[in-house]
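The values are calculated or read from the model by the stated rules, or taken from the named source; none is laboratory data. Just so it is clear, the model here is predicted, and its values are computed rather than measured. For accessibility, only protein heavy atoms count, side chains too; no ligands or nucleic acids. Shrake-Rupley method; radii C 1.70, N 1.55, O 1.52, S 1.80 Å.
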Amino acid sequence: MVKKAKAKARANVKAKVTYAPFEVADYLDSEEAIAEYLSLAARDENPGVLLKALGDVAKARGMAEVAKASGLGRESLYKTLAPGAKPRFETIATIMRALNVGFSVSRLPVRAKKARRLTAA
């Protein structure tokens, strides 16, 4: 009877499942994927999303290479793209040039609640 109870208890124990951490940089393997990823990140209202995306692209391309191409030190690049950082526009533009990407402006759908027209003065 004891053997059956122990066997049943062992059968009920679930195997521990471990997962590898998800790395976006592993999937940024083409210019098209990088451009789409950055475009979507740039649309987010939270500027930290774009910084995170730039960091992911820099990681995919190699932080040391991006640092060298941008003229920033590797540690400065990490600090600039760290969560909560507030880099200057000039620094972001320099990093984007090093990544061989640029800004593009397009019209976004206007939200009904916040719709305001800018008038010329």
Seminar exercise, completed: From most to least accessible, 1.4 Å probe, no ligand or DNA/RNA atoms counted, S30, S104, S70, S39 line up as S104, S39, S30, S70
Exercise. Ignoring ligands and nucleic acids, what accessible area does T80 show with a 1.4 Å probe (Å², nearest 10)?
Worked result: 20 Å²
Problem set entry | Principal axis box of region 27-97, alpha-carbon based, largest edge first, Å | 27, 26, 18
